[in-house]
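Comments concern the structure below.
The values are calculated or read from the model by the stated rules, or taken from the named source; none is laboratory data. Worth saying up front: this structure is predicted, and the values here are computed from it rather than measured. Here the Cβ positions follow ideal geometry from the backbone for every residue, glycine too, while neighbour counts run over all protein chains shown. Each accessible area value is taken on the protein alone, full model and side chains, heavy atoms only, with ligands, DNA and RNA left out. Shrake-Rupley method; radii C 1.70, N 1.55, O 1.52, S 1.80 Å.
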Amino acid sequence: MAHDAPAATAPSKLVIRNIGLVLSGALEHPILEADTVVAENGRVTAIGRAKDVDTANATTVVDARGTVLTPGLIDSHVHPVAGDWTPRQNQLGWIDSSLHGGVTTMISAGEVHHPGRPRDIVGLKAHAIAAQRSFHNFRFGGVKLHAGAPVLEPGMTEQDFKDLADAGVKLLGEVGLGGVKDGAGAKQMVAWARKYGIQSTIHTGGPSIPGSGLIGADVVLEADTDVVGHINGGHTALPDAEIRCICEGCRRGLEIVHNGNERAALFTLRLAREMKQLDRVILGTDGPAGSGVQPLGIVRMVAMLSSLGDVPAEIAFCFATGNTARMRKLDCGLIEVGRAADFVLMDKAQHSAGANLLESVRLGDLPGIGMTVIDGVVRTGRSRNTPPAERLPEVVSG
């Protein structure tokens, strides 16, 4: 199994210099005027031109060699089970492979593929708490996987949600994957969860695995979860009229996933743009699942939405970074002083028709990833999964 990359324990200072382009992750200002980023003890402390920032006494220096710096990508919808293994695919290393796809943070939508998953209330609470603790205590490759997302079952009371929150659980699994599938019952439990600071997501569309079922627009709107999970279906999408009803009927997050209906994804994006609410769009893979593991799922979604959805690439990257960070209340996802120093360095793939990274993504090509950084620590070099980049960053000291 993959093991946790070493975390910085002594005082550290990371300097990334000679950056060709800095993408902030923020819709309101997606490109920053900077060629240098500094992080101390895992937090961004300076962003700007080399001549204007303090780069002295660095413990690690990375020469970006003209590549593009983005925030670490966030996968808003995963289904972890036991560490870096998924029993549904009997595959090891899916988290580590996703890191090689630029993903530095993941959000669990429920540990639903766990063999023999408990459905009684005591058991489901214990299972969620154990998952939360396990992934908090042991980070595969350094990836921040926020887990421990219980699936709602009939009979849960307000006290159960308080117990979960007191134990450190901050997420609900997809509403609809358990025994609670009606709007009224879900609405009450979602309200209890929200009262205690637990964020919620709902399954949207047709059934994905045995035991799940159709969740239509009426249930989605009545339940009023914080995020409309895989609005483009996981895998089967709702009719366009119901997708429109959801988009126009609430202000909650609109999660588009790799394992969904691509036409429905583009339809959702178009609606969000028409409503001038692109800040609601976030991205996930919905894996590991029946369709497998998608280590490049997030960058593929960025390229697809940019190239076919007529969105500038720098905006599409915000769907996978800053939008999710703000909606999920994470301290990463934006290149901003005080934020976690989670970065990806990438460049256009070799032989892409695009003149630069942004143009190549706009044409639908995947970027070549040259390095990932989590909490100011270099975690990977050249990706083993993406196309080879034209230029690669390198660690020159430290």
Residue list for segment 21-47, filter: hydroxyl-bearing (S, T, Y) and either open to solvent by 10 Å² or more (accessible area, probe 1.4 Å) or more than 22 Å from the chain's Cα centre (by Cα) (or both): T36, T45
Note: among T201, T236, just one is over 20 Å from V311 (Cβ atoms), touching a residue at least 40 places away in the same chain (Cβ under 8 Å) and among the hydroxyl-bearing types (S, T, Y), namely T201
With the checklist (1) at pLDDT 95 or above; (2) open to solvent by less than 10 Å² (accessible area, probe 1.4 Å) in hand, flag the one item G178 doesn't pass. (1)
Here are A223, A167: which of them is within 24 Å of P118 (Cβ to Cβ), open to solvent by less than 10 Å² (accessible area, probe 1.4 Å) and among the small types (G, A, S)? A223
Apart from one, (1) touching a residue at least 24 places away in the same chain (Cβ under 8 Å); (2) open to solvent by 50 Å² or more (accessible area, probe 1.4 Å); (3) in contact with a helix residue (DSSP H, G or I) (Cβ under 9 Å, 6 or more places away or on another chain) all hold for D331; the odd one out is (1)
Which condition breaks for L254 when tested against (1) open to solvent by 10 Å² or more (accessible area, probe 1.4 Å); (2) free of Cβ contacts under 8 Å to residues at least 40 places away in the same chain; (3) closer than 28 Å to R88 by Cα; (4) of a type outside the set (D, E, K, R)? (1)
Having 2 or more residues that are open to solvent by 40 Å² or more (accessible area, probe 1.4 Å) and in contact with a helix residue (DSSP H, G or I) (Cβ under 9 Å, 6 or more places away or on another chain) is the bar; report the strands (runs of 3 or more DSSP E) wholly within segment 355-397 that clear it. none
Helices (runs of 4 or more DSSP H) wholly inside segment 93-208 containing at least 3 residues that are closer than 22 Å to P288 by Cβ: 94-99, 121-137
For segment 340-354 the number of residues that are open to solvent by less than 40 Å² (accessible area, probe 1.4 Å) and farther than 21 Å from L305 by Cα is 4
Residue list for segment 291-313, filter: buried (at least 22 other Cβ atoms within 10 Å of the Cβ) and among the charged types (D, E, K, R): none
